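The values are calculated or read from the model by the stated rules, or taken from the named source; none is laboratory data. These numbers were taken from a predicted model, which means no experiment stands behind them. Note: ideal-geometry Cβ built from the backbone for every residue, glycine included; neighbour counts use all protein chains shown. To get the accessible areas, we keep the full protein, side chains included, count just its heavy atoms, and leave off ligands, DNA and RNA. Shrake-Rupley method; radii C 1.70, N 1.55, O 1.52, S 1.80 Å.
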Amino acid sequence: MTRIEVAMPQMGESIAEGTVSKWLKKVGDSVERDEPILEISTDKVDAEIPAPQSGILVEVSVQEGETVEVGTVVAYIDTSARVAVPAKGEEASAAKQEQPRAAAPAAAPQPPSGDGEMTEEQRIRQRSTPVVRRMAEEHGVDLASLEGKGSGHAGRVTKQDLLQYLGQEGEASVGSPPPPAKAAPGAPSISKPAPSIVPSSPVAAPRASPAASPALPPSEFWKTFYSQVQNPEFPVREGDEVVTMDKIRRLTAEHMTLAKRIAPHVHTFIEIDFTKVDGLRKANAKKWQEQGARVSFTAFVAWAVSRLLREFPIVNATVSGNNVIYRGHVNIGIAVDLDPGLIVPVIRDADDLSLVGIGKKVVDLADRARKRALSPEEIQGATFTITNPGVLGTLVGLPIIPKGTAAILGTGAIEKRVVVVEDPATGQDSMAIRKRTIFSLGYDHRIVDGADGARFLARLKQLLEEFPDDA
Amino acid sequence: MAHPTVSEPSPAGAARRVLEIRRLGMLPFAQAHLLQEDLVTRRRAGEIPDQLLLLQHPHVITLGSGSHAEHVLADPGQRNALGIDLLEAGRGGDVTYHGPGQLVGYPILDLKPDRRDVHRYLRDLEEVLIRVLDGYGIESRRVEGMTGVWTDSGKVAAIGIRVSSGWITSHGFALNVGTDLSFFETIVPCGIAGSTVTSLEHLVGRPVPITEVAARTASAFANVFDRSVSEVGGEL
C-alpha cells in the first residue's frame, strides 16, 4: 500500500501551530483530492485542510482539540487502497452487534491483519497515541483497563479520557477500574479484541503498523498543562444558586490557574517601618493637595520598587522557554479592587516618574479602572506587580505571580506597633510606637533565588525607611 | 538562466484582479451563511471573480470555533425578549454580536497565489478598517494578540475568518458604525477585561450614514488588496 502523510500546513509566516478543531472525515473514509478532511483553528481563523491526494484515510494521529506544530503529521492516506466503504445499513447493523457486552468475541469482526494475530501491546498501541501511552506509564495506569472506554475514534483512549480518569482516581471512591479486557471463556487467545473495543465500522483498510506512528514531541503534555484551564464541575445542591462567571472573573480564574501552574512560587517576608514615609506624607500633604496630587502609600512603594528593579534585573525579568527575558522597561502593575473583580493597570516606565508623578498616575489609573475606562494597552506589559492585600487591615498575603513576570509584591496593613528601638547615641533599648507593616515578595523560583528575593526586600526596607526627601 | 517563479507579480500594466462588490442590505445571518458557502464553491471553481459582500444583519449572536458557551450572557428568555438569535458561525474567533447599524463585510477571495498567509490577511483586513476610520479623523490601531481594530475608547471592529480548501476566504469583519452598543452587554465580546466596545458614530459624535461608510470601505478594500472594483449593485 502507498501511505502518504498529511501534515499541518503552513498557514502563514507567523503561525507556528494550529489546533485541530474538527475531523470532517474519519478513519476508513475515502477522500478525494482537495476534499477537506479536517478543520484547524488558530486565534481568529478557521481553516479547512484538504486531502493532498485521493485515497482512504487510514490513520488519524492528532485528536480534536490537540494543538500541534506546523509540519506535524496529522493523518495518513492510503492512496493505493480503493476499498469499498460499507453502506450505511451495514454500518448500523455492525454497530448493533457491538451493543450487547455478552456477545461472543468470535462474532466480532476482526481487524484484518496480514501478519497474524496482534499482541496485547500492539492492540493497545492502536488504541492510544504516544502521548497517552507515555502519560499512562508516568501515572502507572494500565491502558488495557481502559480499553473501549475511550471517547476517541473507535473507543480510543484520548488524553482527555486519561486526565479525567486520573482526576477520578484522585477523588477516590469511584470504584475500582474495570478489569483488563480478558478473553471470554472459550476464546482462542487473549489477542482477540473484546466486543466493546471493536471499531465502530468494519474498516477493511489495513491499519498502520505501530512503528509507523509518528512520535509526538515530549513537550505535548506540558503544552496542554500550560495552555488548557479546565474547571471541574460539581453537583448543584438544593437551594444553591448557579451564576455564570462574568468576563473579568473568568479571565482572572484562567490567569490565576495558569500563573500558579507555570511558576514555582516562593514567598519571603520582611517588616518595614513606615514612620519616615508617614512623616513625609504628613509634611507634604498640603503642598501635594495644591498640586492636585494624592500620594498614597502605594505610590511610595511603587516609586521605591521602580528604582530597585534596575538594581535587580532578574526580578524585572521572565522565563521564556529556555531563555530569560530581561525587560528593558520598568512597568509596574498595580492591582485595583473593583469589588467585584480585580484589574491590574500598568504604570509604564515608572522609573522615569517622580514620586508625585507616580502618585497622580496611581490615582488616575485606579479611577478609570473603576469606571471600566482603561484602554487595552493600559492593562498590558507589566514587568512587576504590586498588590495590597493589607488594604482591609489584614496582615499580608501570598500573592500569585502574574504570568510573564518574575515577582509580585504584597503589601500588608500599616499599623501602629510597639517595637523595641535602640538609641543610637547611648545604645539604650526602649519601647516606642511605630507605624509598621509586613511586605511579602512572591517570586518565580526558577530564576530568582531565595537570597536574591531576600536582598531585594532588604534593599526595599532600607529605601522606604530612609526615604529620600526629594523623591 | 532565468526561471520564472509562480509568485512573480503580474507585469506592469497587467489588469488588476477584479473585485465584485455586492451590497446585500439587511440579510439574516443564516441566509448570508448559505450565500457565502455557495460563493466559496463558485469562487473555487473559478466561476466568479473575488467578491466583497457588504451587508447588515438583524440582531444575532454568533459563536466562532473558539467560543465558550459561557460568553453568551443573555439567557434564552432575555434573547427572545430582545429578538436576538444565537447561531454557530463556522468562523474563527469567539462570540460576537451583529445587528443593525453595523457594517458587515464578507470577502470571498482566492488568496492564491501571492497572499497565502492568513495572518497577513487578518492584518490586511485591519488595515482596510484603519484607513476607513482615518478618513473620519479617528485614530485606530491593531493590538498585538487581539485581532480587530482598537481605539482609545475601545474596540470598534471585530474580525473572524474562515479559509476553505483552496485558500478561499469567507466571513470577515464587522465595523460598528451606529450600532446600539448596549446589545454587546448580552455577550462577552472577544475582548479583554476592562476594555469596551465602541462605534464610529460614538467616536465622531454625530450620525454617519452606513452607505457612506460602505462606499469608503469598498474603496479602501480595493486599494489594500490591489483589486479593481466592479459594482454589482444593490443597496445597503
Given charges at Cβ of Lys, Arg, Asp, Glu: the stretch A:252-465 dipole, positive-most of A:347, A:288, A:255: A:288
Cβ crowding within 10 Å averaged over residues, with A:435-441, B:38-44 ranked highest first: A:435-441, B:38-44
Could you give the size of the charge dipole of chain B about its Cα centre, using +1 on the Cβ of each K and R and -1 on the Cβ of each D and E, expressed in debye and rounded to the nearest 20? 500 debye
Of all DSSP beta bridges having both residues in chain B, the percent classed as antiparallel (nearest 5) is 60 percent
Among A:51-61, A:229-239, B:151-161, what's the highest-first ranking by average C-beta atoms within 10 angstrom per residue? B:151-161, A:51-61, A:229-239
log10 I(q)/I(0) for the stretch B:17-230, Debye formula on C-alpha points only (no solvent), q = 0.10, 0.12, 0.13 Å⁻¹, two decimals, reads -0.39, -0.58, -0.68
Ignoring solvent entirely, what values of log10 I(q)/I(0) come out of the Debye formula for the stretch B:150-191 at 0.23 Å⁻¹ when each Cα is a single scatterer? -0.87
Run the numbers on the stretch A:252-465 and let me know its relative contact order in percent, using alpha-carbon pairs under 8 Å that are six or more apart. 30 percent
Need the per-residue list for the stretch B:85-129: every residue with at least 40 Å² less accessible surface in the complex of protein chains than in the chain by itself, probe 1.4 Å, sorted by number. B:117, B:118, B:119
What are the chymotrypsin sites (Phe, Trp or Tyr not before Pro) within the stretch A:265-295 that DSSP puts in a loop, where the Cβ has at most 16 other Cβ atoms within 10 Å? none
Volume of the Cα convex hull of the stretch A:312-416, divided per residue and given in Å³: 127 Å³
Could you please report the charge total around residue A:373, scoring K, R as +1 and D, E as -1 over all other residues with beta-carbon less than 11 angstrom from its beta-carbon? 0
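Let me check against my output: what whole-number percent is the relative contact order of chain B, with C-alpha pairs under 8 Å and at least 6 apart? Before the final figure, lay out the partial values.
Working: 464 pairs, mean separation 62.4, N = 236.
Answer for chain B is 26 percent.
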Where Lys and Arg each count +1 and Asp and Glu each count -1, what net charge lies around residue B:64 among other residues with Cβ under 9 Å from its Cβ? -1
Report the paramagnetic label zone for residue A:454: residues of the stretch A:402-423 whose backbone N is under 20 Å from a point 7 Å from Cα along the Cα-to-Cβ axis. A:407-410
Looking at the stretch B:58-78, residues buried by 10 Å² or more relative to their chain on its own, accessible surface at probe 1.4 Å, turn out to be B:65, B:70, B:71, B:73
Using alpha carbon centroids, what distance separates the stretch A:1-80 and the stretch A:287-347, in Å? 45 Å
Enter the mean projected area of the convex hull around the alpha-carbon atoms of the stretch A:1-60, in nm², rounded to one decimal. 4.1 nm²
Counting every C-alpha pair in the stretch A:252-465, the percent lying more than 25 Å apart is 38 percent
